[in-house]
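The values are calculated or read from the model by the stated rules, or taken from the named source; none is laboratory data. Just so you know, these numbers come straight off a predicted model, no measurement behind them. FYI the Cβ positions are ideal-geometry reconstructions off the backbone, even for glycines, and counts take in every protein chain you see. When the accessible area is computed, the model is the full protein with side chains, heavy atoms only, and any ligands, DNA or RNA have been set aside. Shrake-Rupley method; radii C 1.70, N 1.55, O 1.52, S 1.80 Å.
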Amino acid sequence: MKRIVLASASPRRKEILEQIGLSFDIVPSTCSEVITKNVPKDIVEELACQKAHEIFEKVGESSIVIGADTIVVSNDKIMGKPKDEEDAFNMINELQANTHVVYTGVCVLIKENDETKKIVFSEATSVSVYPISKQQILDYIATKEPMDKAGAYA
């Protein structure tokens, strides 16, 4: 049986794989994310593939490597991870009382019969956020949870 490797330290991705009963290792990608695309779906697929390829080269060809990436798009603007608390506040404030789209891309690399099979897909989900107060946003930011998440929330 092939070793399954998740190319991410994301607790949410780990939880999803555990929920479906997979046994896997975690080897987080550290590659520089280079965006050459303009369409959100294409961006997350491109970034997921960069992460998967980096780890596939590190762990060997007897593994199945899963890379993933997520972005948040609000008013045609891509929101990555916040640079600081002010940036996090601005992101959350823009998202509250509105609907935005979360894109997640996945790339799976599998070595089969001297050939690397690549499976790439993505999903877009509309997310609506109830109105929240300035103080609620500040209290959430104080937990530090938003600081490593696209769109500044989980």
**Asked** Which residues, taken from region 58-68, are modelled with pLDDT of 95 or more and open to solvent by less than 10 Å² (accessible area, probe 1.4 Å)?
**Response** V65, G67, A68
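Considering only residues that are hydroxyl-bearing (S, T, Y) and closer than 15 Å to V106 by Cβ, look in region 9-57 and name the one that is modelled with the lowest pLDDT. Walk me through it before giving the result.
Step one: filter region 9-57 for residues hydroxyl-bearing (S, T, Y), giving 10, 23, 29-30, 32, 36.
Then keep just the ones that are closer than 15 Å to V106 by Cβ; that gives 10, 29.
Values: S10: 88, S29: 94.
Within region 9-57, the match that is modelled with the lowest pLDDT is S10.
Restricting to region 76-86, what's the tally of residues that are open to solvent by 30 Å² or more (accessible area, probe 1.4 Å) and in contact (Cβ under 8 Å) with a residue 24 or more places away in the chain? Before the answer, list the steps.
As a first pass, look at region 76-86 and keep what is open to solvent by 30 Å² or more (accessible area, probe 1.4 Å): 76-78, 80-81, 83-86.
When the remaining residues are screened for being in contact (Cβ under 8 Å) with a residue 24 or more places away in the chain, the result is 78, 80-81, 85.
Number of matching residues: 4.
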**When residues of region 106-126 are limited to those that are over 23 Å from K51 (Cβ atoms) and not charged (D, E, K, R), the one most open to solvent (accessible area, probe 1.4 Å)** = N113
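Given the options Y140, Y130, name the one that is in contact (Cβ under 8 Å) with a residue 40 or more places away in the chain, more than 24 Å from I4 (Cβ to Cβ), open to solvent by 50 Å² or more (accessible area, probe 1.4 Å) and not β-branched (V, I, T). Reasoning before the result, please.
Details: Y130 fails: in contact (Cβ under 8 Å) with a residue 40 or more places away in the chain.
One residue alone meets the criteria, Y140.
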**Message:** Taking the condition of being loosely packed, with under 11 Cβ neighbours inside 10 Å and hydroxyl-bearing (S, T, Y), how many residues in region 10-26 meet it?
**Reply:** 1
**Prompt:** What do you reckon, is F89 aromatic (F, W, Y) and under 21 Å from A7 (Cα atoms)?
**Reply:** no
**Item:** Residue among Y153, Y103 that is surrounded by 12 or more Cβ atoms within 10 Å (Cβ to Cβ), of a type in the set (S, T, Y) and at pLDDT below 95
**Value:** Y153
**Prompt:** Which of the residues that make up region 27-57 are crowded, with 22+ Cβ neighbours inside 10 Å and over 28 Å from T99 (Cα atoms)?
**Reply:** S29, K51, A52, I55, F56
